[in-house]
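Sharing a structure here in structure tokens format.
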Amino acid sequence: MTINFILNGDDVVVRCEPCERLIDILRGNFGLLGSKSGCLTGQCGACTVILNGQVSNACLVPAFKLTGSEIITIEGFSQTIEYQEILTGYKQVHLGNCGYCESGKILCTETLLDRIPIPSREEILIGFSGIKCRCTSPERMIEAVNLIAGERQRRLYGRSS
């Protein structure tokens, strides 16, 4: 089948099998390796992408559902000011990432702050519930997201959260 979708802001066309996984299309057809082939069952979050504005596990999305969709990978998101803002916030709280989960955590941070500019502790924990990695403590993640949220409020509105 032939599918058309938007990938990191570009209109793309790909020929593939209807049940081919998005993770395999991204890695095989486009050479985008930021999303990792982890568990392939949607449990670990290593394959996280933003699909139509929502965090999604690329290992669970079949090609036939992609037509007309917009997909943002870590490679596309890394070109934004928000990406730099998130990295700076992670560094300021000494949030270490193992590399396996890093792109998933960054994309979860972005989608969370896009939906909820000043999230509560519980909202932050829920926002990262799909990322299964032991490299970061939940408390450190909460601290980082709160810092990033405050910086974003100052950048966008000239005020702190």
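The values are calculated or read from the model by the stated rules, or taken from the named source; none is laboratory data. Predicted model only: the values in this text are computed from it and were never measured. Note that we place each Cβ from the backbone using ideal geometry, even for glycine, and neighbour counts take in every protein chain shown. Surface areas here come from the heavy atoms of the whole protein model, side chains and all, with no ligands, DNA or RNA. Shrake-Rupley method; radii C 1.70, N 1.55, O 1.52, S 1.80 Å.
Hey, with R₀ at 25 Å, roughly what FRET efficiency would Glu139 and Glu70 work out to, going by the Cβ-Cβ distance, to 0.05?
On the way: r = 33 Å, r/R0 = 1.34.
Efficiency computed from Cβ-Cβ geometry: 0.15.
What's the extension gain from Ser78 to Tyr100 if we count 0.36 nm per residue and subtract their Cα-Cα distance?
Details: separation 22, 0.36 × 22 = 7.92 nm, distance 1.62 nm.
Extra length from Ser78 to Tyr100 when fully extended: 6.3 nm.
Around Leu7, which amide H atoms from residues at least 5 apart in sequence, or from another chain, sit under 5 Å from its own amide H, with H modelled in the peptide plane?
So Leu7 has HN proximity to Val12, Ile71.
Once you've got the GNM for the chain with C-alpha springs shorter than 10 Å, pick whichever of Arg140, Arg121, Arg15 has the biggest mean-square fluctuation.
Greatest mean-square fluctuation among the candidates belongs to Arg15.
A further question on this structure: Tell me, what ³J(HN,Hα) does each residue in segment 84-97 have, in order and in whole Hz, if you take phi through Karplus 6.51 cos²θ - 1.76 cosθ + 1.60 with θ = phi - 60° and put x for Gly and Pro?
4, 4, 5, 4, 4, x, 4, 5, 5, 9, 6, 7, x, 10
Mean separation of Cα pairs under 8 Å and 6+ residues apart, divided by the residue count of the chain: what relative contact order is that in percent? Before the final figure, lay out each step's value.
Details: 254 pairs, mean separation 35.3, N = 161.
For the chain, the relative contact order is 22 percent.
Follow-up. How much net charge surrounds Asp10 when only the other residues with a Cβ under 13 Å from the Cβ of Asp10 are counted, with Lys and Arg +1 and Asp and Glu -1?
Working: positive: none; negative: Asp11, Glu70, Glu75.
The answer is -3.
Which of Glu122, Glu17, Glu82 moves most in a GNM of the chain, Cα contacts under 10 Å?
Glu122
How many angstrom separate the Cα center of segment 97-134 from the Cα center of segment 11-70?
19
Can you work out the base-10 log of I(q)/I(0) for the chain at q = 0.15, 0.17, 0.21 1/Å, using the Debye formula on its C-alpha atoms alone?
Results for the chain at q = 0.15, 0.17, 0.21 Å⁻¹ read -0.78, -0.96, -1.34.
Could you give me the radius of gyration and the Dmax of segment 100-161, taking only the C-alpha atoms into account and expressing both in angstrom?
For segment 100-161, the Cα radius of gyration and maximum Cα-Cα distance read 11.4, 35 Å.
Given 20 °C and 1.002 mPa s, compute D for segment 66-131 with the Stokes-Einstein relation, Rh being the Kirkwood radius over Cα pairs; round to the nearest whole µm²/s.
Details: Rh = 12.8 Å.
It diffuses with D of about 167 µm²/s by this estimate.
Residue-wise, which Karplus ³J(HN,Hα) couplings in Hz belong to segment 120-131, taking 6.51 cos²θ - 1.76 cosθ + 1.60, θ = phi - 60°, and x for glycine or proline?
Each residue of segment 120-131 in turn: 7, 4, 5, 5, 5, 4, 5, x, 10, 5, x, 9 Hz.
Give, rounded to the nearest 20 debye, the magnitude of the charge dipole that segment 1-142 has about its Cα centre when Lys and Arg contribute +1 at Cβ and Asp and Glu contribute -1 at Cβ.
Computed charge dipole of segment 1-142: roughly 460 debye.
Among Phe77, Phe30, Phe128, which one shows the biggest mean-square fluctuation in a GNM of the chain, springs joining Cα atoms closer than 10 Å?
Highest fluctuation of the listed residues: Phe30.
Any aspartates and glutamates with Cα under 13 Å of the Lys36 Cα? List them, leaving off those in the same chain fewer than 8 positions away.
Of all the aspartates and glutamates, those that pass the test against Lys36 - Cα under 13 Å, at least 8 places apart if same chain - are Asp24, Glu75, Glu102.
Which angle from 0 to 90°, rounded to the nearest 10, does the C-alpha axis of helix 102-115 make with the longest principal axis of the chain?
70
Please list, by residue number, everything in segment 47-83 whose backbone N is under 18 Å from a paramagnetic label point 7 Å out along Cα→Cβ of Thr2.
Output list for this probe position: 63-69.
May I ask you to give the percent of accessible area on the chain that is carbon plus sulfur, with a probe radius of 1.4 Å?
The value for the chain is 50 percent carbon and sulfur by accessible area.
Still on this model: Taking only protein heavy atoms and a 1.4 Å probe, what accessible area per residue, in Å², does segment 70-109 have with all protein chains in place? List each step's numbers first, then the result.
Numbers: 1690 Å² over 40 residues.
With the other protein chains kept in place, segment 70-109 gives 42 Å² per residue.
Which of the listed residues, Cys135, Pro117, Tyr157, is farthest toward the dipole's positive end in segment 117-161, when Lys, Arg count +1 and Asp, Glu count -1 at the beta-carbon?
Result: Tyr157, furthest along the dipole toward the positive end.
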